[in-house]
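Note sheet for the following structure.
The values are calculated or read from the model by the stated rules, or taken from the named source; none is laboratory data. Note that the structure is predicted; figures quoted are calculated from it, not measured. All Cβ positions, glycine included, derive from the backbone under ideal geometry; neighbour counts span all protein chains shown. Side chains included, ligands, DNA and RNA excluded: accessible areas come from the protein's heavy atoms. Shrake-Rupley method; radii C 1.70, N 1.55, O 1.52, S 1.80 Å.
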Amino acid sequence: IQLMLNQRGNYVYQIDFPFKNIDTAPFVITQFSMEHKERPSIFVDIFWSGGLVLVFFFAFCAIMVFVILRSITKSVLALEEGTRRIADGEFDLELDLKGSNEITSLSYSINKMRQALRDDQFRKSRFIMGISHDLRTPIALIKGYAEAISDGTIDDTEMLKSSLEIICQKSQQLDDMIEDSLNFVKLNTQEWNKHVEVRSVYPLLEDCFHRLQSDGILLQRRITGSIDIPQSTLIATDEKLFIRVLENLTGNALRYTEQNGIIDFSACIHENQLCISVSDTGI
């Protein structure tokens, strides 16, 4: 026993009693060297290694889920803030979000919607400005002829008849403009092409030039110019829109030219193109 105690650090001892029912039975002491201690099974090593891998894997997944959820939450909040500002009229605000494909695709769609809203607002603004400008010219002429008749400036029977005809023409023009304005959405599509026809342009230009001369007499403007094109000249155009363009040009010239100022209206063919020029001595 003393030997076992002295060598207990180097050996392992096993005591067996082969004869258990005999009081003086001998016993057997087996000595095992610690150097030959059985190593753990390879399955135990695999178990512990796999356990560590799973722990690290779950920790990594938890961190990634947290990062992804934080990124998605941040992107969704940014989208909510951007759409709210766009709804309040900030159409120049561009959303530039980074994230998953779904977030990027959604921000791209919102940007397209924002651009469409901005373009629509711009078209509406231009339409309001354009129709205000277009209506101002015939109204000013109607007012001018009516005042001339009222104060006796036009006292000649022929001039009176001509002035009343012009007032009627301008009134009809106003009516046509209002009708066109109610259908202005056609200009955003190709529906207006349905009214384009090949027609002789000479009568349209001649009529515009004569009206300009009559307006010039009333408003005390000197009208010059000429229409140097063949009467057989044909162009493809919408008659109402073509006349509207000419009315805008001549109306601006009449409005912004001082009394006794000169307004020149001319038309010619240059390099197989119809060239129309309206110039004046005004601002």
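Can you find a residue that is open to solvent by 80 Å² or more (accessible area, probe 1.4 Å), closer than 30 Å to Lys124 by Cβ and at pLDDT below 95 anywhere in region 203-210? No: zero hits.
Each row is one residue, and each column tells you yes or no for (1) closer than 30 Å to Leu219 by Cβ; (2) surrounded by 12 or more Cβ atoms within 10 Å (Cβ to Cβ); (3) not β-branched (Val, Ile, Thr).
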residue: Ile68; (1), (2), (3): no, yes, no
residue: Thr73; (1), (2), (3): no, no, no
residue: Ala78; (1), (2), (3): no, yes, yes
residue: Arg85; (1), (2), (3): no, yes, yes
residue: Arg114; (1), (2), (3): no, yes, yes
residue: Lys124; (1), (2), (3): no, no, yes
residue: Arg136; (1), (2), (3): yes, yes, yes
residue: Ile142; (1), (2), (3): yes, yes, no
residue: Ser150; (1), (2), (3): yes, no, yes
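More than 42 Å from the chain's Cα centre (by Cα), crowded, with 17+ Cβ neighbours inside 10 Å and not in a strand (DSSP E or B), is that true of Ser232? Taking the combined requirement at face value, the residue does not satisfy it.
Based on what the data block shows, is Ile15 in a strand (DSSP E or B), modelled with pLDDT of 70 or more and among the hydrophobic types (A, V, I, L, M, F, W, C)? Show your work before the answer.
Values: in a strand (DSSP E or B): yes; modelled with pLDDT of 70 or more: yes; among the hydrophobic types (A, V, I, L, M, F, W, C): yes.
It is true that Ile15 is in a strand (DSSP E or B), modelled with pLDDT of 70 or more and among the hydrophobic types (A, V, I, L, M, F, W, C).
The single condition among (1) touching a residue at least 40 places away in the same chain (Cβ under 8 Å); (2) crowded, with 17+ Cβ neighbours inside 10 Å; (3) touching an Asp or Glu at 6+ places or on another chain (Cβ under 6 Å) that Thr224 does not meet is (2).
From the list Leu69, Leu93, the lone residue that is more than 30 Å from Gly251 (Cα to Cα) and in contact (Cβ under 8 Å) with a residue 12 or more places away in the chain is Leu93.
If only residues of region 240-279 that are under 39 Å from the mean Cα position of the chain (by Cα) and part of a strand (DSSP E or B) are counted, the one that is surrounded by the fewest Cβ atoms within 10 Å (Cβ to Cβ) is Gln273.
Residues that are aliphatic (A, V, I, L, M) and within 15 Å of Leu249 (Cα to Cα) within region 124-146 comprise Ile131, Leu135, Ala140, Leu141, listed in sequence order. Scan region 119-139 and tell me whether some residue there is closer than 22 Å to Ile86 by Cβ and not in a helix (DSSP H, G or I). Taking every residue of region 119-139 in turn, none turns out to be closer than 22 Å to Ile86 by Cβ and not in a helix (DSSP H, G or I). Whether a residue is open to solvent by 70 Å² or more (accessible area, probe 1.4 Å), among the β-branched types (Val, Ile, Thr) and at pLDDT 75 or above was assessed, and Ile63 passes this test.
For region 156-177, enumerate the residues that are among the aliphatic types (A, V, I, L, M) and either more than 16 Å from Glu247 (Cα to Cα) or without any contact (Cβ under 8 Å) to a residue 24 or more places away in the chain (or both). Result: Met159, Leu160, Leu164.
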